[in-house]
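S.K.: Questions regarding the structure given below will be posed in turn.
The values are calculated or read from the model by the stated rules, or taken from the named source; none is laboratory data. Given the structure is predicted, the values throughout are model-derived calculations rather than measurements. Glycine also receives a Cβ, built like all others from the backbone with ideal geometry; neighbour counts cover every protein chain displayed.
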């Protein structure tokens, strides 16, 4: 049990994984652009394939269908090259998470559809680099339909980009009440990918109509479109039946232009439902023809026109107290009388608060005669009478016995500013809706700031200051989703016609800002950490079949983002845990003749395509999960001083047909030109196989023999020069040598790594002349990116601490993981700890943080002084951090539990600031400090009740100890506790000046367990014995 005076700030960390598309497949060429040839090609495709449609002008009398369960790319030759005229009901039907690109489609019939998307399960799709148009018939624009599931599935999410649309309306339509109910019950999710996006498109209508519309809970984002001509965004609302309105919308950064001949009524949008943001749009033209010079809001179609309480879909619940009853006065009365009521003065005219978060209230109350159907706004009232001018219904007077209800004048269902409600399940009980106002700001028309106009006399149901805010600044807490949309740059649907699969892990380069790490193309620092195991590329015949997809799931579950993909340089590993034969191998076994293992001899001039196919497939699959792959090119460990393994090695002249003169000590040197040429050809084949993938790093060899230094330098330079002529260049690494006892004493080892042309290195961690990277790694200087690997530093035991000390010294730690090897238990604590360090690496500003062991007594710290500090304490001792003056948010992370256990704010006067670990920690701690813009709240008292004996309760803040009277010591939830009898037991803190708060804010927190049957108890109080005016009780 604890009583604590302090401010408690709670924080949470949230992960999304966006499911990514399937792996790269084959390319299928349609014979022509005809409907039948294109459909036949699609029918022969499977998920991951690309169907190429040649140039030509074709008419499709029937639709082309991309069926459900088949996520493919349908790619034309480009706009103006593959030109399709639709002559049927629609040209294209998409029922999958596919991409359509490079087409010009014109729908030249009276049928209204051009493309229809109906993809289950929130599938992501993409339409890009297309030109879509239709011959208009009256107001019937050609529709691009996006349809929700017929059941509780959801709207397809995706993006249309770099398209030209002429007389095309995008309609987002739900398909059933179940769909709409689910969408309105789901989180609002502004600023996420759970929308349909239109971006970087040129849009035009020739007869002035909206280019996008929707209903049934759908949601869309229109952003950064350079040209939208004579058109606007529309949003439909609840139209009085079982339909629902659009759920959410975001419209920003667009350029609108209206011709001088345009006399329409809307600019930018006309919105009737939901909530969202509209900002930074620019409008030119149109005002001379009487077009609205403000943004349009319209609630006229919501819930059959008005929200009067008679429509059960609206939120017109009676007021909570005295809101229903019976007229007790006479017949034909102008006003209501209810002798049973006692309404407080102004309680029915002043209005009531609808949202304490925004300070919003209704300006009026309404009364409804439920017997006659008449209604009106209350103008005045007494204790038991109400005056209101009624309208509607069968009569506008009151008769004895009439039933009534009084409401706060609720908004219309799904109207402007309405947000989440409960999932309905039926039509009979519509729940209240949350209020989440829409925000409009910085929209300009012909240079003038645009306001918001509520159209069609619907102002009561769409009120500024309640339902929306105009030019009051951005919506609090809102951040737009990533632009450009990530589907355009990563994953299966991304750009680059020569590489349909683009890794979700971005291409890396050494960061010029903080060269201890790599960065992606955007300049974001990428910290690398993860596990690797021996058979993650090749099969070991005597081991259980390796499930690579399950392995990737395991890595993601541990929040890892890096593996080494092992390449074993020989046909068997019988001496290593009875691994057996290794398959596939890089070289083909063609014979003639037999190798020492009984198989055909190898041909070092003929590479084995099966090996390279698997290599690409596994690198690609890892990339889709956001995992980087170190491709190991050679593995010198198995031949370094291992005559038994050399006996069956494919480089051994006895086992190949190439007639090379090579000894064991020449394998990884520059002394065997024929073999070197074969090795170079193999390396180039690896590069050709994976160069188009982003998530690649190269490693020359694992624990190569000491004579390999020049060979490794040569291969590093070969990779760099060969990739220089290719689209992508990847980091190249050099890793620890494998030393004999004598070599440890005579070779520079890690110096060779530092002097190499490699971008990254993995140093050796043992030996008399080498730093023990396993216990006290030196701080990384940035000379090389260091991938610190337990494979080279003798890891054993519980190494959870090692991930943290490596991270705070500027390294990228990885673990040689036995995975499912029964003879060697895995270090699950280290697996978890590496994932925890990645969480912090992604949160902190790692670009500005460097190893600063000098600032922490623990010596393990990353810091950007005065801004951020991450300190690791491997023991339980008190430690200090040298802080610049300021207020800092602090966060304690328990490495054992893997959770944040407490947060708050401290004020540092400057210099050493001392920290004690939270009481429950048993295996060290991580402390995160970040400069705070909020004022610090002082901890003025903290009684742990952890003494366990005696009559004194110590104040750990050092101000006021307490005298225990009657209470007895016992085991607590954490450490010790005090048990009180509930009668006269107490802890008396005397006349503590610290509790004289005056008019200041204060917070009290206590951990209490009440006995069964006890519903309340006095926990803490302060008062004078005779003073009942100035006191407080915590009950």
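S.K.: Taking the stretch 102-121 as the search range and keeping residues that are surrounded by fewer than 23 Cβ atoms within 10 Å (Cβ to Cβ) and assigned to a strand (DSSP E or B), which one is modelled with the highest pLDDT?
M.R.: The extreme case among them is 104.
S.K.: Keeping to the stretch 327-358, report how many residues are more than 18 Å from residue 377 (Cα to Cα) and modelled with pLDDT of 60 or more.
M.R.: The total comes to 9.
S.K.: Quickly run through the stretch 653-668 and pick out the residues that are in a helix (DSSP H, G or I) and either touching a residue at least 40 places away in the same chain (Cβ under 8 Å) or within 22 Å of residue 700 (Cβ to Cβ) (or both). Step through it out loud before you land on a result.
M.R.: Here is the first cut: in the stretch 653-668, the ones in a helix (DSSP H, G or I) are 653-655, 664-666.
Across the stretch 653-668, the qualifying residues are 654, 655, 664, 665, 666.
Residue-wise test of (1) modelled with pLDDT of 80 or more; (2) more than 29 Å from residue 903 (Cβ to Cβ); (3) out of contact with any helix residue (DSSP H, G or I) (no Cβ under 8 Å at 6 or more places or on another chain); (4) surrounded by fewer than 11 Cβ atoms within 10 Å (Cβ to Cβ).
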position: 969; (1), (2), (3), (4): yes, yes, yes, no
position: 977; (1), (2), (3), (4): yes, no, yes, no
position: 980; (1), (2), (3), (4): yes, yes, yes, no
position: 987; (1), (2), (3), (4): yes, no, yes, no
position: 1002; (1), (2), (3), (4): no, no, yes, no
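S.K.: For residue 605, work out the one condition from (1) part of a loop (DSSP other than H, G, I, E, B); (2) at pLDDT 90 or above; (3) surrounded by fewer than 22 Cβ atoms within 10 Å (Cβ to Cβ) it doesn't fulfil.
M.R.: Evaluating residue 605 over (1) part of a loop (DSSP other than H, G, I, E, B); (2) at pLDDT 90 or above; (3) surrounded by fewer than 22 Cβ atoms within 10 Å (Cβ to Cβ) leaves (1) as the failure.
S.K.: Determine the pairs where a residue that is farther than 16 Å from residue 726 by Cα, located within the stretch 679-691, has a partner that is modelled with pLDDT of 95 or more with Cβ atoms under 7 Å apart, the partner being 6 or more residues away or on another chain.
M.R.: Close Cβ pairs (under 7 Å, with a partner that is modelled with pLDDT of 95 or more) amount to 680/718; 682/586; 682/607.
S.K.: Only one of these is in a helix (DSSP H, G or I), in contact with a helix residue (DSSP H, G or I) (Cβ under 9 Å, 6 or more places away or on another chain) and touching a residue at least 60 places away in the same chain (Cβ under 8 Å): 840, 815. Name it.
M.R.: Criteria check complete, one pass: 840.
S.K.: On the given criteria, is residue 949 modelled with pLDDT under 80 and loosely packed, with under 15 Cβ neighbours inside 10 Å? Even if it seems obvious, please write down each step before you answer.
M.R.: Numbers: modelled with pLDDT under 80: no; loosely packed, with under 15 Cβ neighbours inside 10 Å: yes.
No: the conditions fail for residue 949.
Conditions (1) surrounded by 18 or more Cβ atoms within 10 Å (Cβ to Cβ); (2) in the same structural domain as residue 755 (by TED's automatic domain parsing); (3) within 22 Å of residue 702 (Cα to Cα), marked per residue:
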{"site": "808", "(1), (2), (3)": "yes, yes, no"}
{"site": "815", "(1), (2), (3)": "yes, yes, yes"}
{"site": "824", "(1), (2), (3)": "no, yes, yes"}
{"site": "839", "(1), (2), (3)": "no, yes, no"}
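S.K.: In the stretch 205-232, what residues are free of Cβ contacts under 8 Å to residues at least 40 places away in the same chain and in a strand (DSSP E or B)?
M.R.: Across the stretch 205-232, the qualifying residues are 222, 227, 228, 229.
S.K.: It is to be established whether one or more residues within the stretch 66-73 are closer than 17 Å to residue 114 by Cα and in contact with a helix residue (DSSP H, G or I) (Cβ under 7 Å, 6 or more places away or on another chain).
M.R.: Taking every residue of the stretch 66-73 in turn, at least one turns out to be closer than 17 Å to residue 114 by Cα and in contact with a helix residue (DSSP H, G or I) (Cβ under 7 Å, 6 or more places away or on another chain).
S.K.: Which residues, counting only those in the stretch 536-563, are under 30 Å from residue 842 (Cα atoms), loosely packed, with under 13 Cβ neighbours inside 10 Å and in contact (Cβ under 8 Å) with a residue 60 or more places away in the chain?
M.R.: Passing the criteria: only 549.
S.K.: For the stretch 31-53, which residues satisfy the criterion of being crowded, with 16+ Cβ neighbours inside 10 Å, modelled with pLDDT under 90 and in a loop (DSSP other than H, G, I, E, B)?
M.R.: Across the stretch 31-53, the qualifying residues are 45, 47, 48, 49.
S.K.: Checking residue 893 against (1) surrounded by fewer than 17 Cβ atoms within 10 Å (Cβ to Cβ); (2) assigned to a strand (DSSP E or B), only one condition comes out false. Which one?
M.R.: Among (1) surrounded by fewer than 17 Cβ atoms within 10 Å (Cβ to Cβ); (2) assigned to a strand (DSSP E or B), residue 893 violates only (1).
S.K.: Which one of 680, 699 is on the phi < 0 side of the Ramachandran plot and crowded, with 22+ Cβ neighbours inside 10 Å?
M.R.: After applying the criteria, what remains is 699.
S.K.: Oh, and also: Do you know which residues across the stretch 577-595 are under 19 Å from residue 644 (Cβ atoms) and exposed (fewer than 15 other Cβ atoms within 10 Å of the Cβ)? First the steps, then the outcome.
M.R.: Step one: list which residues in the stretch 577-595 are under 19 Å from residue 644 (Cβ atoms), which gives 577-582, 585, 594-595.
Answer for the stretch 577-595, where residues must be under 19 Å from residue 644 (Cβ atoms) and exposed (fewer than 15 other Cβ atoms within 10 Å of the Cβ): 578, 594.
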